[in-house]
Amino acid sequence: GCVLVVSVIEQLAQWHNSTVKAAVERLCDYIPGKYQIIRHMSCCIDREMNADVVCHSLRLCKQDPGQPLCHLYSPPKVKKHSSGLFHALAQARPKRQIRSKSFMGFSSVCAFPLLANLCEKIKYVLRNKLPFEDSDGDKFSTFPTLRGYHWRGRDCDDKNTTVYPGRRPDNWDAKSDSNCNGIWGVDPKDGIPYEEKFCKGADSKGVVLLGDSAGAHFHIPPEWMTVTQMSAKSFANLPMAFSDELDWPQFSEITGFLNSTIGGWTDSLYLRLRKRNRCNHRDLQNISQNGIVYFPINMAPYLSFSLARNQLLDNPAIVIYATIGNDVCNGERDTLAHMTTPKEMLSNVVQALRYLDSHLPSGSHVILTGLVDGRFLWDNLHDRYHPLGQLNKDVTYSQLYSFLDCLQVSPCSGWLTPNETLRNLTSERALQLSNVLKEIARSEKFANFDIFYMDFPLRQTAEEWRKMGGEPWQLIEPVDGFHPSQIAAALGTGITWQKALHEWPQVLGKENPFNDQIEAIFKDQGGH
């Protein structure tokens with residue numbers, strides 16, 4: 001975090017030809033709220049020293065005994081015939097020993113006074129995977145972030161636990177909207193409830209995603225660290241982004257429903273199901289989590305806390321299981337030893353599916369998505385410049401990956417490495433685990449849902465993007481160099497939809513012939 005902030009400050013000073021103090025003030029003016037800790041840094045930053053030297057000298061970055069000295073930038077040249085980070089630190093630290101005491105209390109971002117309250121809320125939703133604002137406890141909310149309606153269909157009555165998206169209508173919703181799809185009341189022409197007229201026999205179903213950070217759509221805006229594009233507008237979405245855990249499920253491949261504001265466009269399985277059958281409005285749940293391993297050994301409690309589906313009262317659901325890499329991705333030095341084994345995968349997935357079979361309404365569907373071949377990342381990014389390195393051409397993705405790996409916070413040590421053998425072994429394990437999923441879909445049978453398997457469509461997505469004139473690296477998130485980008489998410493939706501349409505048409509349900517009438521009535525009644 002320190003290296004990031006100091007890098008941005010130094011580059012702002014360079015770009016605007018200003019002092020460090022002026023650059024700090026500029027950055028603080030950009031960022032919502034008053035983060036005084038950043039202002040304190042102005043006394044300690046020297047434009048002649050790179051961010052690694054500054055942060056280590058302030059002891060905001062530390063070196064544990066027996067561990068290497070981690071750095072993002074190439075070691076600085078201090079004298080005519082000497083170079084290296086150790087020498088630079090020896091020169092810098094005596095000047096900063098007193099000043100560094102100002103920062104010793106901030107060992108975590110949550111120690112910042114203005115962030116402490118938000119951190120407590122985020123810790124709650126991380127523990128429970130449930131909306132922080134949910135008055136009636138039905139797992140749906142009228143608040144967008146903190147696991148609210150960006151993640152699940154928006155509640156239309158947060159004081160009534162029997163009213164929520166996805167339930168079958170109560171008495172055809174003649175008097176009120178019990179399932180929040182906006183269709184309720186009685187047609188004055190014939191006395192038939194609108195829900196009965198338009199949605200009876202329409203094969204309504206919702207979509208549920210159980211996934212990892214890719215499914216949650218992790219994204220750090222590149223304009224947050226690209227000084228040539230930076231302005232106050234760049235950080236307008238910062239509070240929302242933090243309260244959504246730096247995820248953007250509202251634009252994601254499976255449950256996206258808002259027009260993208262982070263580049264590309266939004267296309268999702270939910271939007272296509274809604275277009276196919278307007279009665280599916282708001283019936284979505286994204287229960288993804290950053291860093292989740294495919295199916296924890298004890299998956300049932302995770303699902304029981306998070307999944308909102310009543311077997312007796314609700315519509316069937318399409319459940320997508322998609323953690324595309326975390327079973328082989330970790331930040332450990334001995335990464336291969338910490339990967340999920342095929343035996344563990346089989347046991348965990350079957351256990352989770354049995355839990356779902358006891359809780360999903362009859363007529364549901366489950367789609368298992370295979371793991372990605374992450375060699376695509378290194379192959380297309382390693383020698384390109386990261387947003388932090390674009391101004392001075394001094395930080396490549398290879399350097400970023402090495403920095404994160406040194407800190408033992410790499411999102412995937414097995415793929416984000418110059419070691420080709422290790423990259424190949426990681427992909428080999430990913431393929432083994434995908435084959436386990438494929439066999440489960442072929443051989444296992446369940447009472448309340450049928451089950452399908454599909455490969456993660458990376459190759460098809462890249463081919464489609466090339467036909468549109470794009471480059472493969474644009475399919476990867478530019479800041480973390482790991483997750484699928486907004487473009488990749490939107491293209492992946494179309495590929496998944498076409499596969500389902502041709503191979504599993506029963507999953508998508510039939511097209512509702514009354515869609516146009518429903519929309520016309522909504523328009524006539526001002527959207528109600």
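The values are calculated or read from the model by the stated rules, or taken from the named source; none is laboratory data. From a predicted model like this one, the values you see are computed outputs, not experimental measurements. No Cβ is skipped: glycine too gets one built from the backbone with ideal geometry, and neighbour counts run over all protein chains shown. Quick note on the areas: whole protein, heavy atoms, side chains included, nothing else; ligands and nucleic acids left out. Shrake-Rupley method; radii C 1.70, N 1.55, O 1.52, S 1.80 Å.
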Residue set ARG429, ARG442; condition farther than 21 Å from PHE251 by Cβ, touching a residue at least 24 places away in the same chain (Cβ under 8 Å) and of a type in the set (D, E, K, R); output residue ARG429
Of all the residues that make up the stretch 497-528, how many are closer than 19 Å to SER268 by Cα, in a helix (DSSP H, G or I) and out of contact with any strand residue (DSSP E or B) (no Cβ under 7 Å at 6 or more places or on another chain)?
-> 10
Residues in the stretch 456-486 that are assigned to a loop (DSSP other than H, G, I, E, B), over 19 Å from GLN289 (Cα atoms) and either acidic (Asp, Glu) or not assigned by the TED database to the domain that holds GLY325 (or both): how many?
-> 1
Can you find a residue in the stretch 483-498 that is of a type in the set (Val, Ile, Thr) and within 21 Å of HIS386 (Cβ to Cβ)?
-> yes
In the stretch 205-229, the residues that are under 12 Å from the mean Cα position of the chain (by Cα) and part of a loop (DSSP other than H, G, I, E, B) | ASP212, HIS217, HIS219, ILE220
Tally, over the stretch 267-289, of residues that are outside any helix (DSSP H, G or I) and not charged (D, E, K, R) | 9
Quick check: anything in the stretch 387-406 part of a helix (DSSP H, G or I), on the phi < 0 side of the Ramachandran plot and acidic (Asp, Glu)?
-> yes
Return yes when ASN160 is polar (S, T, N, Q), touching a strand residue (DSSP E or B) at 6+ places or on another chain (Cβ under 7 Å) and either open to solvent by 30 Å² or more (accessible area, probe 1.4 Å) or assigned to a loop (DSSP other than H, G, I, E, B) (or both) and no when it is not.
-> no
Of (1) more than 29 Å from THR261 (Cα to Cα); (2) open to solvent by 30 Å² or more (accessible area, probe 1.4 Å), PHE449 satisfies all except one. Which?
-> (2)
Output yes when any residue across the stretch 317-332 is more than 24 Å from SER288 (Cβ to Cβ) and open to solvent by 30 Å² or more (accessible area, probe 1.4 Å), and no when none is.
-> no
Tally, over the stretch 43-70, of residues that are in a loop (DSSP other than H, G, I, E, B) and either open to solvent by less than 20 Å² (accessible area, probe 1.4 Å) or aliphatic (A, V, I, L, M) (or both) | 7
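Results for (1) open to solvent by less than 60 Å² (accessible area, probe 1.4 Å); (2) over 29 Å from SER358 (Cα atoms); (3) outside the structural domain of GLU253 (by the TED database), shown as yes or no for each residue.
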site	(1), (2), (3)
CYS406	yes, yes, no
GLY414	yes, yes, no
THR417	yes, yes, no
LEU431	no, yes, no
VAL436	yes, no, no
GLU439	no, no, no
SER443	yes, no, no
Pick out the one residue from ASP177, ASP190, ASP138, ASP155 that is out of contact with any Leu (no Cβ under 7 Å at 6 or more places or on another chain), farther than 30 Å from VAL372 by Cα and open to solvent by less than 10 Å² (accessible area, probe 1.4 Å).
-> ASP155
What about GLY264, is it assigned to a helix (DSSP H, G or I) and either touching a helix residue (DSSP H, G or I) at 6+ places or on another chain (Cβ under 9 Å) or within 30 Å of LEU27 (Cβ to Cβ) (or both)?
-> no
Near pairs, Cβ below 9 angstrom, 6+ apart or cross-chain, from the stretch 357-368 (within 12 Å of PRO316 (Cβ to Cβ) and open to solvent by less than 10 Å² (accessible area, probe 1.4 Å)) to any residue that is among the hydroxyl-bearing types (Ser, Thr, Tyr) and not in a loop (DSSP other than H, G, I, E, B) | VAL366/TYR321
Of all residues in the stretch 477-528, how many are open to solvent by 70 Å² or more (accessible area, probe 1.4 Å) and more than 30 Å from TRP184 (Cβ to Cβ)?
-> 3
